[in-house]
Every structure is written in C-alpha cells, then in structure tokens.
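**Student:** The structure is given below, and queries will be raised subsequently.
The values are calculated or read from the model by the stated rules, or taken from the named source; none is laboratory data. As the structure is a computational prediction, the values presented were derived from the model and not from experiment. Here Cβ is always computed from backbone atoms with ideal geometry, including for glycine, and neighbour counts include all displayed protein chains.
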Amino acid sequence: MNGKLIVFSAPSGAGKTSIVHRLLKTDLPLAFSVSACSRSKRPEEINGTDYYFLSPAEFRQRIDNKEFLEWEEVYPGSYYGTLKSELSRIWKLGKHVVFDVDVVGGMNIKKLYPKETLSVFVMPPSIEELEARLRYRDTETPESMAKRLDKAKWEMSFADKFDYILLNDNLDRSTPEIEKVIERFISE
Ligand code: 5GP
C-alpha cells in the first residue's frame, strides 16, 4: 500500500491533540506516530503511547545514530523528534501516519515527502482563547506559559505554508471537517 502522512501542527493549546485523538477513534485507517521527547512526563501521559520519554542523553544518542526523520528543540532544553521506525511500524499495519508536531517539524515532513503528505495547521480562534486554554490545562508555570504564548504568536505566522488551515472553534465542528478532507486525501 502507498502509506500517506497527515501532519497536524499548531501552536500548543490550539487543540490539535484533541482533534488527533478524535480522528484516531474514527473508522479511518490511521495510526499515531509516537514521538520521542526529552521533557518530563505529565501525570496523565503514558510512555510509549503519548511519547517515548527519553533522557536528554538518550535523545542525543539517537540523533547521533541518525534514528530521527526530524527533530527540534521545541522549547529551550526540550527536544522532540519523529523516529524513522514509526513510519515503517505504521505502514506495516496498512495504515496512514498521523503526526502531532510543531510547526517547523510539520514543514520539514512536508518537504521530505511533498506528494504523500497532507499538512494541516490547526488555528485557534484567537490568542486570547489560546491563553485561556493553556491556563485551563494548568500544567504551565508563569514562565513556561509566557514562553508558549510568545512561540504561539510566531508559529501562527506560518499558517499559510500548510496545505489546509483548520479553524478549531469547536471540536464537534472541526473534527468532521478534517475527517472529510483526510478521507478524500487517502483515497487519491
Ligand atoms: P507538548 O510538550 O505540549 O506535548 O508538545 C510541545 C510541542 O512539541 C507541540 O507543538 C508538539 O506538537 C510538538 N512535538 C511533539 N512531537 C514532536 C516531534 O516529533 N517533532 C517536532 N518537531 N515537534 C513535536
């Protein structure tokens, strides 16, 4: 089968993780690319399901071993990357790969596989709404919150480099919208 890649990028707090979780519960033949990262695990996260949590030293070792398709220092001191092994794992299952990566990572995957990739930018309704969502999540310290907001504003400027901009005003509306787009893309 010709496996495709569906990349979701957005400023964090735009709701892309919720959209991805919903999509994975539909009947579409999709599977999630579990990224590696060097930040610490949040209480609700599961190692090997949400991320492969690695120490900074292990992460560097895998960079040296050329195990990553792409990696980024998404926040100072926090590394995130897509393992090449995720693509072969998922394609072997006969499924298409869904990524939840930062904006730069998304653009890099599109560059690596231009024809096979659908890149989706999830747009929050506004910066105020984004801030409210991050506050509600309550995992941020005031400093990490300020860092994330600054970064969010910068990331929004790349929206038009993506194949599709999905306004996430409401998950019940945005998820079926992108589901239809993906259905068409994977049947091409
Ligand atoms: P969080 O710490 O909130 O889980 O994620 C922070 C950011 O890192 C999010 O924008 C997420 O999409 C991004 N991210 C997660 N995995 C990867 C990856 O493999 N590569 C890149 N470039 N970014 C990633």
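**Student:** Looking at GLY77 and the list (1) closer than 28 Å to GLU116 by Cα; (2) out of contact with any strand residue (DSSP E or B) (no Cβ under 8 Å at 6 or more places or on another chain), which single condition is not satisfied?
**Tutor:** Only one criterion is unmet by GLY77, namely (1).
**Student:** Moving to a separate point now. Keeping to the range 71-87, report how many residues are away from the ligand (no atom under 11 Å from the Cβ) and not hydroxyl-bearing (Ser, Thr, Tyr). Talk me through it step by step, then tell me what you get.
**Tutor:** We begin by selecting, within the range 71-87, every residue away from the ligand (no atom under 11 Å from the Cβ); these are 76-77, 84-85, 87.
Now restrict to residues that are not hydroxyl-bearing (Ser, Thr, Tyr): 76-77, 84, 87.
Residues flagged as away from the ligand (no atom under 11 Å from the Cβ) and not hydroxyl-bearing (Ser, Thr, Tyr) within the range 71-87 amount to 4.
**Student:** While we're looking at this one, here's another question. Give the range 22-32 a look and list any residue that's under 19 Å from GLY81 (Cα atoms) and either in contact with a Ser or Thr (Cβ under 7 Å, 6 or more places away or on another chain) or not aromatic (Phe, Trp, Tyr) (or both), or say none.
**Tutor:** ALA31
**Student:** Sort out which residues of the range 108-122 are touching a helix residue (DSSP H, G or I) at 6+ places or on another chain (Cβ under 6 Å) and of a type in the set (A, V, I, L, M), and write them in order of number. Steps first, answer last, please.
**Tutor:** Restricting attention to the range 108-122, the residues satisfying the condition of being touching a helix residue (DSSP H, G or I) at 6+ places or on another chain (Cβ under 6 Å) are 117-119, 121-122.
Once the filter is applied, which keeps residues that are touching a helix residue (DSSP H, G or I) at 6+ places or on another chain (Cβ under 6 Å) and of a type in the set (A, V, I, L, M), the range 108-122 yields LEU118, VAL122.
**Student:** For PHE32, only one of the following conditions fails: (1) exposed (fewer than 15 other Cβ atoms within 10 Å of the Cβ); (2) within 26 Å of MET123 (Cα to Cα); (3) not small (Gly, Ala, Ser). What is its number?
**Tutor:** (1)
**Student:** Related question: Just checking, does the range 49-64 include any residue being within 20 Å of LEU112 (Cβ to Cβ) and within 9 Å of the ligand (Cβ to nearest atom)?
**Tutor:** Within the range 49-64 (the criterion being within 20 Å of LEU112 (Cβ to Cβ) and within 9 Å of the ligand (Cβ to nearest atom)), the answer is no, since none of the residues qualifies.
**Student:** Which count do you get for residues in the range 158-188 that are within 17 Å of the chain's Cα centre (by Cα), modelled with pLDDT under 95 and either at positive phi or in a loop (DSSP other than H, G, I, E, B) (or both)?
**Tutor:** The total comes to 1.
**Student:** Something else: Looking for whichever is touching a strand residue (DSSP E or B) at 6+ places or on another chain (Cβ under 9 Å) and small (Gly, Ala, Ser) here; the options are SER88, SER144, SER126, SER157. Which one fits?
**Tutor:** Answer to the selection: SER144.
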